[in-house]
Structure formats: C-alpha cells, structure tokens
1. Every residue in the range B:30-60 that is under 14 Å from the mean Cα position of the chain (by Cα) and within 14 Å of another protein chain (Cβ to nearest Cβ), please.
2. Please identify the pairs in which a residue from the range B:164-193 that is within 16 Å of B:GLU149 (Cβ to Cβ) has its Cβ atom under 7 Å from the Cβ atom of a residue that is of a type in the set (S, T, N, Q) and not in a loop (DSSP other than H, G, I, E, B), counting only partners at least 6 apart or on another chain.
3. Does B:PHE150 satisfy the criteria of being touching a Phe, Trp or Tyr at 6+ places or on another chain (Cβ under 7 Å) and not acidic (Asp, Glu)?
4. Is it the case that B:THR196 is under 15 Å from the mean Cα position of the chain (by Cα) and assigned by TED's automatic domain parsing to the domain that holds B:PHE70?
5. For the range A:111-124, check the following and say yes or no: at least one residue is more than 22 Å from A:ARG18 (Cβ to Cβ) and more than 13 Å from every other protein chain (Cβ to nearest Cβ).
6. Among A:GLY142, A:GLY153, A:GLY168, which is among the small types (Gly, Ala, Ser) and modelled with pLDDT of 95 or more?
7. Somewhere in the range A:148-155, is a residue surrounded by 15 or more Cβ atoms within 10 Å (Cβ to Cβ) and aliphatic (A, V, I, L, M)?
Amino acid sequence: MLGETYALVVRDLRRWYRTPGQIILVFTTPLMWLLLFGQAFNIGKLAQGAPGIDIREVFGGATDYFSFMAVGQTTFIILFGSLFSGVSLIWDRKTGFLAKLQVAPISRASIPVSRMLSTVVKALLQAVVVLVLAAAFVFIPGLSGLRFSPDFGILEALGIALFLMLLGLSLAALFVALGLIVRNEETLFGMINLLNFPLMFTSSALIPIALMPEWLKTVAGYNPITFVVDGMRQLVFHTSIGAQYSVGVDFLGIAVFAALMISLGAVLSRKALLRS
Amino acid sequence: MPSDNSVIRVQALQKIFPGDVRAVDSVSFEVREGEVFGFLGPNGAGKTTTISILNTLMLPTGGRAEVLGFDVVTQASQVRKGIGLVPQDLTSDEELTGRENIELQSSLYHIPYSEANKRADELLALVGLTDSQHRVVKTYSGGMKKRLEFATGLVHNPKILFLDEPTLGLDIQTRTSIWEHIRKLRSESNMTIFVTTHYLEEADGLCDRIAIIDHGKIIALDTPDGLKKAVGGDVIEVEIAECNENVLEMIRSIKGVTLLEGKCSGNRARIKVPESNAALPLILEGFWSKKVAVLNVAVKKPSLDQAFLEYTGRELRDEDKGEGRKAGVAAAKKGRLFGRRR
C-alpha cells in the first residue's frame, strides 16, 4: 500500500512540475489576487478613525484588510486545488492508465489516496508561496503586507499546515471519488463550478463575517472554510479578538468535516473501482 | 480435455452487456503453459472483453475462468500478481520519461529498487530504448511508445503475458520488430503468451494454437496448420484460351490426381486437390498431351484467410456486416475498457 501510494504521488508531482509554465502560474495567480483584490479592497480605510471601533474585531484579529484576506487566500488555493483533483483521473481513464493500475496487484485504495495526497502537497506548497509573497509586500513601499504576530513560531506554522491539510483532504476525497465516477470532464467541471463560489463567498475567507447580512452569517458559521480561516487567523495574529470560535472548536469543526468527507469519498471511490 | 499444464481455463464464459449485447457468449478454452495462444477475430468479436475478464478488469455475467489456477472473480489479487498486460492503447504516462514509466510499473509490482533498476536496464535494451530512456514519452514516435508499452508489461516477469492487438495501427517496420520481440521472448523463457489480433499473418506466424472468435463465440480452435487443412486442399488455377466442359473432362481423366473440385472461372480452370506438389506436374502434363496451351498457372496454398472465410462465412476484413451489433458492443463498453481508441 505505502510503496505504490508513494510511487503514484511522485508520478503526480512530476506531471505537475513538468507542465510548462506551471512554476510561473504558481506565483502569478496568487500574486494577482493579492495585488488586485487584496490591495484594491482596502475596506479597512473606511472605518479608520471612526471612534470606538477596534478594526481587529472586524478583521479577525488583523489590523488591516490585506492581512485579513491574505490568510483567507490560502484556503482559496486549497479549495481550487482540491476541487480539480479528480479531473486528471478522467484523463487517466481515457488514456487507459487507470486500467493499468487496476490490473496491477496494488491496493485499490492507493489510487484515490495517492491523488488526494499529491493534491494536498501541491496546494500546501502554493499556500506557502501565498503567505511568503503576502509577507514580502511589507517591504514594498505603497503596499500593505501581511503582518505576522511577533509570537508566530514553528508550532503556529504547523497548526496552519494542519488546518489547510484537513481542508484539502476533505474536498479532495470527494472530488477524487467524483473523478472516478464521472466519465467526462464537462460534468465534473459543472460540479466544481456549482461548489466553487458558494463555498468561497459564504465563508469568512475574503469577506469579514461582521459585514455580512444575518442569514449569510448563519451559513458562514457552518462553512468548513470559516473554521479553517478562523483558526488560522488566530494562529497568525496570535489573538482571539474578532474570532468566531476558539482554535480548539475550529479544529474540531474541520476535523469532523474531514472525517465525514473522507468516509464519503472512501465509499464512493470503492464503489467506482469495483469491477462490473 | 482438461490437462495438467493449463495456465488458463475458461468454461462457458459469458459477458452480456445491458441491452442483451452478448459480447462473449459461452466461450470455453484452455491455454497451455509456454504456448503462444492466438485469439483471432474481427473488431467487436469479443476479444478485448474476454481479455478484460481474464485480466480482472471486468466481471463475467456467467461461466468461470481460472488464470494460473486462481479464479478471476474471487481470487483477483493472486491472478494480478502473475499476469502482465500490454493493452491495445498506449497507456504510458506521456509526461514521464521512458525509464520513469518502467520504474513506476516496478513499484506497482512491488519490485525492490535495486532489482527494479537492473530490470529497467535489461528491458530498455531489449526494446532498443536505452538511448532515449531519459526523454519524456510524449517525444517518442508511435513505434517507440508501443515498444515501451511492451517493456512495461514485462517488468515483473509475468507467467502469462496478455497482448491485446499488439500491432494495431503500427507501420510494417514496428510490427515486424514487435513480432521479433515476441518470438525472442518465446524462445528465451517459458512465458505463456495470449495474443489477440485481427491480422491473419500475425496469428499464423506467431501462434502455436489459434481460436477463431466471432460474434462472441469460438468457432474453431486448432494449430494454424490444422485450421488450414480444414479448408481442404490447394487450389491450382490454370489459365487457358477457353475453359469449358471438355477441358474439365480432360482434367478428371488425368491419372494419379484426386480431384476435390474442378470448375471454370472465366478462362481459368480452378482445380482443387488435397496437395498440389505432386499433382501439379501431372496436371500440366495432361494439358500438354492434349495440346492445350497453358497461359498461366497459379497455386493457392490454403491460408488462414481462407480458413476464416470457411468458418465464419465472411472475410476477416469485411467489417461492414454486423456494424449495428458492433456499435451496440462499443456503446455498452464505452468508458469501461481501455478507453479511447487511438
């Protein structure tokens, strides 16, 4: 199980970094978002100087919108990566590569598990790029940058990685399974689009919950992305000001979500890989 | 006739796709250890479906099949360990190098790294890809890709190698080199080779025994020579100025020639005899002695082509007939097999 899973993860990663322009895309896409979205929507300015408002209450502990959204941006990367994780399986079925795996004496589970792991590895690397780029903006005159708390250390970094990993694994579990079930890309793309924006914009990744209408606040409170960004912001800014839940509750929330999704993904993948 | 050295035993195997499409219809046969066994039939005859069942990719809807003594339905993982498959399509990862593809396959068969390394060297040399082993596969030519596919299927030294249409769509040169590899493999190891094809010359030149399959049923199973013999004799065609009943009468009167059939076809006399080598001089002598000028002589030895015609009532390349049924099979199999046909 381990040997073949490792080999298949390596295969996925090789395919990824050998794609022409991949490295450039890894940097430019988050850069665009951080520059255009993060800098343009500096909504913190509106509230600046207003008496009796602690801006950190709105921005989940951050002192400016950019720092707020830069943390949220990492979940965006994970979301996109994992929603698209199943697409390559459709190609593997079309080229016959999947049949080759099914003929081999390997654990059936290694097929979806390897795809989930490679997805998470790719997405985590990109998330690190986002955080490093966002932090580097501090040094560019005229731009706001992501300001980590001085207390930010290795434990906090590991905590962030854990949050993002759980989010990535849960969505990848479902979408890898869908990639095994669905036979054409169009159907899968439809499903991805169906979930993509609602998941993103009913969470506190890019928009502060405090600014949402009541009904949306309720939805956002249960969105798994909210658990992840809420927990991560507390780790990055080292404060519980403006937090929805405690870090422990955030972790529990995403862990339960991951357990549910991975179980669902396992059942669906197993069914899809059964012979007929 | 069950024998002890059978490595594949198939009994009344059946695969019916939804819509009562009978892709494999009660097929029984055995493959002996070390032989090259050919599965010959037109497109849509049920070859790939049979191979998919034997390779544990598909479940039969009836009957049973044993590979290396293991049931393909209930003991799939044991079957998988002992078999290798070279599918019809090119399934190597185009973004990886040739060597990386072979190494990936080694991992899938749990071959330790040091051994896998040595094996990769050997196989790359065998298929002549040593020089291009570090190039990504998408830069390979069609023939190189096919050779890589062949090497990949051999990584774990399988006891049985399944080749599904190994030369389909390849140029003559590559086809010949693939045949060479199969023959070499055959002579250097005791590997059993199960090959499906719809090329008659391929089946004839390579196989120890051939099963002719059509419409999901096996209609003949014998050695290539046995199949040809069943066609019944050689045909001698003698072109003359005018063929008529008198000429045929003259032929019938030639001593020492057993005539199976004699008829006129235009200005040619078609004479079917059990064996042409001894009969030909006698027949020509007959013509000369009656002062009938012979313009041309052609001898047609029985071919698998004729055998196929004899058994199925149609020519192998005659793929128009049964098109509707084939479309049904294709639709039922869509997306289930080796995917896109290239």
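The values are calculated or read from the model by the stated rules, or taken from the named source; none is laboratory data. Just so you know, these numbers come straight off a predicted model, no measurement behind them. Glycine also receives a Cβ, built like all others from the backbone with ideal geometry; neighbour counts cover every protein chain displayed.
1. B:THR48, B:ILE51
2. Short answer, once both residue conditions are applied: B:ASP164/B:THR48; B:ASP164/B:THR196; B:GLU165/B:THR196; B:GLU165/B:THR197.
3. So B:PHE150 fails the test.
4. yes
5. Yes, the range A:111-124 contains at least one residue that is more than 22 Å from A:ARG18 (Cβ to Cβ) and more than 13 Å from every other protein chain (Cβ to nearest Cβ).
6. After ruling out the rest, the residue left standing is A:GLY168.
7. No, the range A:148-155 has no match at all.
This table checks each residue for (1) crowded, with 22+ Cβ neighbours inside 10 Å; (2) within 17 Å of B:PHE150 (Cβ to Cβ); (3) within 14 Å of chain A (Cβ to nearest Cβ).
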site	(1), (2), (3)
B:GLY98	yes, yes, yes
B:TYR113	no, no, yes
B:ALA116	no, no, yes
B:GLY128	no, yes, no
